[in-house]
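To start, the structure under review is shown below, and the notes come after it.
None of the figures in this text is laboratory data; all of them are computed from the coordinates on show. All of these numbers come straight from a predicted model, not from anything done at the bench. Here the Cβ is made from the backbone with ideal geometry for all residues, glycine too, and neighbour counts use every protein chain on show.
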Amino acid sequence: MDLRFTPEEIAFREEVRTFIQTNLPEDIRRKMVEGRRLVKDDFVRWQRILNKQGWAVPHWPQEWGGTGWTPIQQYLFLEECQKAPAPDPVPFGTQMVGPVIIAFGNEAQKKRFLPRIANIDDFWCQGFSEPGAGSDLASLKTAAKRAGDHYVVNGQKTWTTYAQYADWIFCLVRTDPAAKKQEGISFLLIDMKTPGITVRPIQTIDGGHEVNETFFDDVKVPVENRIGEENKGWHYAKFLLSNERTGIARVGISKERIRRVKELASIELDGDRPLIEDERFRVKVASVEVELKSLEMLQLRVVAARRKGDNKPDPASSILKIKGSEIQQAITELALQVVGPYALPYDPDDDPLRNEPPIGPDWANPIAPAYFNMRKVSIYGGSNEIQKNIIAKAVLGL
Amino acid sequence: MDFGLSEEQRLLKDSIERLLADRYDFEARKQFMQSAEGWSRELWQQYAGLGLLGLPFEEKHGGFGGGPVEIMIVMEAFGRALALEPFVATVLLGGGLLRRAGSDAQKAAVLPKVAGGDLLLAFAHAERQSRYDLGDVLTAAKRDGAGYVLEGAKSLVLHGDSAHQLVVSARVSGSRKDREGIGLFLVDAKAEGISRRGYRTNDGQRAAEIAFEGVKVGADAALGEPGRAFPVIERVVHETIAALAAEAVGAMTAMHEMTVDYLRTRKQFGVPIGSFQVLQHKAVDMLVAIEQARSIMFYGTMMAEEPDAETRRKALSAVKAQIGRSGHTVGQIGTQLTGGIGVTMEYKGGHYFKRLAMIDTMFGDADHHLAALARMGGLAET
């Protein structure tokens, strides 16, 4: 047992840190620090900087652009990116559909899609959830009927994050309506420019536009865009979802956001003294820091246990999801407390009609929206209650 | 970063777990608790035989040169068994102070006997007014020729009733809360002027109130330079907090296993109560609290050897805060889920609950350490 990083790992972390400091565009970094919304160009620019360095998809096989890093190195890289803070990779391409194509796609699909995913030449979105299929994902209804060399897709997906930016969507569709619900599903890759696809924005409680409804009306999809076998899509989806949970603790992001909360609390005055000097507030911050330290150690336990190349999900990933999301939310609540009365104005800085100075401190306006927005993290990716069901069944055998 | 055990550590873990599984079931524990001393002399000798009682000491003092990881392994096993023996008092506190502050002659005189199981120590430090402030010492050590006279009263001395020798903190200069001016003295527990009142604690262990009235000690009783003992006291307490974290994790894990077992077997309305989602989620809440505790336990083990006092102080405050919270969460939910049986003395679960609650009160509870951490500016960034 050796609970410290090796000198090589520390040197690696230094190398990554220096690269990010040198290459992360300042305008993106500022947006990240201040908690402002990123747009497509921000994600794409950063991803292409990483791709040029050969770091776009560290976890992929080297043949397809992976770095061959150990799980610890991958962890350190992710944490350094998060602490910089740099944008997290848009998950739909590099974390979700990419690994599915690598594991289950054919050679033609790999050659066609993987390099474009790594560079975000194609921006991907995810077509899993439906109005009637949330936590019970397998009850999805969007249908794909085979007609010669293509499928005809009809139905509706929802919560499609960044569909407004997307060139492609990966979808779970029902190809055998007679089979048991998990057994009649296929995994299709669909070009968003195909006639019959309509995207409608959903505005979330923070006023932002991340998610959409996506409608499919007689959309023709070539059979060659199916991953693996027909009616085996549930198997590929489960693989994808287990990958989704591994990076979900967001330790580095939470570290950076606590740093930001402390920074703001030391400039914002409460009476004659900075809020950070209020003992009750400081104790709340310390309390979250303690939980975050536990989470970081748990994450490291999971990473260290993962042998190179063995990406089997650990039952602990459900705990990482639960605590990781709770901590992220707690930090937005602390920030809300720091901004205090200036949580009140709804003052979005991406409003095209805005030409007035900010209301109150210039850092105030993203904070209340972030508090509302972050409620999503305990809901998406398998809600925290679903995670508890998983643990009760898979770990406790109840 | 490697959380795996070496071959030797694995052997240590196996041997202590096997011994406790064989000899320390709940019934046996009850017998030990009801004996006059409140723990088992026989098991103590077995621990000595396994090398546990000299674990952190140097080989030349009959020890094994073990570090925080070895202590963690042993303490987790003790937590699972709810062991009653004075390991913390003798080996970690008393032994730790001797190891870190004693002269070669003092160590050579005492530590081999401790390692052999023949000498019991206790750390007489806390006082009625001191609460969790390690620097709050009123007991006085007044110069008396070449030696000192100890005058004062020590409280909540863990296993102070059975100790052969006491490590006593006493003030040689300064006033009540000064961190400067505290000395450590190794005193025979039966020396003239010492009176002890031993008692059982709420978790089934033992402690003592100890009064010192004109207790004369020689100059050679001082551990290190009298007046400069605070850093070593704090350091040994930090090491002990890391060890208690492991004990708590062992206790929590065992209590959770019992609870889940109960949920699987207890039937109501014709089904195991573990089939109810509301109870499943409670059992998961316990597990989450345990995994948090286990994770911070590793952090404590890693930081127990940190030489920089401020960094170590922050880290161990974080550890104690998390352990305290997790302990109460696990103890309370575990008791709730086991229903009526959970609040009876005959059920082992409640004894875990009590030990966990008492561990929180030792060397600062969760709120105390959160406040301390907050005052220090929070956890250092790495």
- Please average, across the residues of B:364-370, the number of beta carbons from any other chain that are within 10 Å of each residue's own beta carbon, and give a whole number. 2
- What is the spin-label model distance, in nm, from residue B:108 to residue B:341 if the labels are put 7 Å beyond Cα along the C-beta direction? 5.7 nm
- Task: Would you calculate a helix-derived [θ] at 222 nm for chain A, using -39,500 (n - 2.57) for each DSSP H run of n ≥ 4 and dividing by the full residue count, to the nearest 500?
- Result: -14000 deg cm²/dmol
- Note on the structure: With N residues in chain A, Rg(alpha-carbon) / (2.2 N^0.38 Å) equals 1.02
- When the Cα centres of the range B:243-282 and the range B:222-240 are compared, how far apart do they sit, in Å? 41 Å
- Which residue, chosen from B:198, B:186, B:90, occupies the Cα position most advanced towards the positive end of the dipole of chain B, where the dipole is computed from +1 (Lys, Arg) and -1 (Asp, Glu) charges on Cβ about the Cα centre? B:198
- Note on the structure: The farthest towards the positive end of the charge dipole of the range A:7-89, of the residues A:65, A:28, A:85, given +1 on Cβ of Lys and Arg and -1 on Cβ of Asp and Glu, is A:28
- May I ask you to sort B:210, B:296 by Cβ crowding, counting other Cβ atoms within 10 Å and putting the fewest first? B:210, B:296
- From the residues B:160, B:349, B:110, which one has its Cα farthest along the dipole of chain B in the positive direction, the dipole being from +1 and -1 charges on Cβ of Lys/Arg and Asp/Glu about the Cα centre? B:349
- Message: With a 10 Å cut-off between alpha carbons and a GNM built on chain A, which of A:341, A:201, A:352 moves the most?
- Response: A:352
- Can you tell me the 0 to 90 degree angle between the C-alpha axis of helix A:279-305 and the longest principal axis of chain A, rounded to 10? 40 degrees
- Item | Share of alpha-carbon pairs per 10 Å distance bin for the range B:176-324, given as whole % | 10, 23, 26, 21, 11, 7, 2, 0
- Message: Given axes a ≥ b ≥ c from the Cα gyration tensor, I'd like to know whether the range B:109-207 is rounded (a/c under 1.5), prolate (a/b larger than b/c) or oblate.
- Response: oblate
- Work out the length of the dipole vector of the range B:153-232 about its Cα centre, built from +1 on the beta-carbon of each Lys and Arg and -1 on the beta-carbon of each Asp and Glu, and round it to the nearest 20 debye. 220 debye
- Item | Shielding by partners, peptide B:337-344 (average Cβ within 10 angstrom, other chains) | 0
- Item | Charge dipole magnitude, Cβ of K and R +1, D and E -1 - chain A, Cα centre, debye nearest 20 | 1160 debye
- Which of the GluC sites (Glu not before Pro) found in the range B:147-256 are in a DSSP loop and have at most 15 neighbouring Cβ atoms, other than their own, within 10 Å? B:180, B:192
- Query: Given the pairs B:13/B:190; A:111/A:232; A:83/B:13; B:107/B:216, which are separated by over 30 angstrom at their Cα positions?
  - Reply: B:13/B:190; A:83/B:13
- Query: Given a Förster distance of 51 angstrom, what is the FRET efficiency for residue A:375 paired with residue B:178, based on the Cβ-Cβ distance and rounded to 0.05?
  - Reply: 0.55
- Which FRET efficiency, nearest 0.05, do residue A:204 and residue A:139 yield, Cβ-Cβ r, R0 30 Å? 0.80
- Item | Inter-part distance where the range A:71-107 and the range A:260-296 are each reduced to a Cα centre, Å | 31 Å
- Full extension from residue A:22 to residue A:181: what is 0.36 nm times the residue separation minus their Cα-Cα distance, to one decimal in nm? 52.2 nm
- Task: Please list the helices of chain B that count as membrane-span-like by this rule: a mean Kyte-Doolittle hydropathy of at least -1.0 together with Cα atoms stretching 15 Å or more along the helix axis, each helix being a complete DSSP H run.
- Result: B:68-81, B:104-115, B:230-265, B:277-303, B:309-337, B:348-361
- Alpha carbon centre of the range B:151-178 versus the range A:38-70: separation in Å? 61 Å
- Within the range A:132-170: backbone nitrogen closer than 17 Å to the residue A:112 label point (7 Å, Cα to C-beta): A:147-153, A:167-170
- Query: Which value results when the Cα radius of gyration for the protein assembly as shown is divided by 2.2 N^0.38 Å?
  - Reply: 1.09
- Task: Determine ³J(HN,Hα), in whole Hz, for all residues of the range A:318-332 in sequence, where each value follows from phi through the Karplus function 6.51 cos²θ - 1.76 cosθ + 1.60 and θ = phi - 60°; x replaces Gly and Pro.
- Result: 5, 5, 4, 5, 5, 6, x, 6, 4, 5, 4, 5, 4, 5, 5
- Query: Any idea what the relative contact order of chain B is, in percent, if you count C-alpha pairs under 8 Å spaced at least 6 apart?
  - Reply: 15 percent
- Query: So if R0 is 30 Å, what FRET efficiency would residue B:5 and residue A:229 give, r being the distance between their Cβ atoms, rounded to the nearest 0.05?
  - Reply: 0.10
